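Everything below concerns the one structure shown next.
The values are calculated or read from the model by the stated rules, or taken from the named source; none is laboratory data. Please read all numbers here as calculations on a predicted model, not as lab measurements. Neighbour counts run over all protein chains shown; Cβ positions are idealised from the backbone, glycine included. SASA here: full protein model, heavy atoms, side chains in, ligands and nucleic acids out. Shrake-Rupley method; radii C 1.70, N 1.55, O 1.52, S 1.80 Å.
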Amino acid sequence: MGRIPSSPPQDQIRSIYGSCDAWLCGSSSEGFYLPLLEAMACRCPVVSTKVGGATDLIQEGVNGFLADVGDSKTLADRTVELLQLDPNKLGKNVRWALAATSRYTWDDATDLLEGLFDGSN
């Protein structure tokens, strides 16, 4: 597939995620980390350090894999584990990942933000 530009056109993002065997996040610090959610929504299996939204989005071994920040051995082991899943188990993993993404809508996000402002959250 050649070099992927740092800012691909929006209409190509889905196919880029979809062409990946896995989405790997080895960051030591992130905010929500939207690319992880985008990858999951595109049925791309994920492995991430426990940063940002990863800890809310990923259920270990169910819809992705997690490793502690700085634990490169576990991050690598989880990636190998993911890549060696039998097709049925991998299919379940990506279906659960896709299901997890449906919990995040703009309406939910604005409700949470409004709750922060009015003190109800």
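Would you mind finding the one in P9, P87, P35 that is free of Cβ contacts under 8 Å to residues at least 24 places away in the same chain and more than 22 Å from A100 (Cα to Cα)?
Details: P87 fails: more than 22 Å from A100 (Cα to Cα); P35 fails: more than 22 Å from A100 (Cα to Cα).
Just one listed residue meets the conditions, P9.
Hey, which of the helices (runs of 4 or more DSSP H) in the range 33-121, taking only ones fully inside, have at least 1 residues that are acidic (D, E)? So that I can check it myself, show each step before the final result.
Numbers: elements: 34-41, 54-57, 72-83, 87-101, 106-118.
Helices (runs of 4 or more DSSP H) meeting the threshold: 34-41, 54-57, 72-83, 106-118.
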With surrounded by 11 or more Cβ atoms within 10 Å (Cβ to Cβ) and farther than 17 Å from D56 by Cα as the only criterion, which of D86, D118, D111 stands out? D111
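Filter the range 50-102 for residues that are of a type in the set (K, R) and more than 22 Å from E30 (Cα to Cα) and give the result.
Residues satisfying the conditions are K89, K92, R95.
Please go through the range 14-64 and give me each residue that is among the hydroxyl-bearing types (S, T, Y), open to solvent by 20 Å² or more (accessible area, probe 1.4 Å) and out of contact with any Ser or Thr (no Cβ under 8 Å at 6 or more places or on another chain), ordered by number. Spell out the reasoning first.
First, pick out the residues of the range 14-64 that are among the hydroxyl-bearing types (S, T, Y): 15, 17, 19, 27-29, 33, 48-49, 55.
From the residues that got through so far, the ones that are open to solvent by 20 Å² or more (accessible area, probe 1.4 Å) too are 15, 19, 27-29, 33, 55.
If the condition is that a residue be among the hydroxyl-bearing types (S, T, Y), open to solvent by 20 Å² or more (accessible area, probe 1.4 Å) and out of contact with any Ser or Thr (no Cβ under 8 Å at 6 or more places or on another chain), then S15, S19, S29, T55 are the ones that fit.
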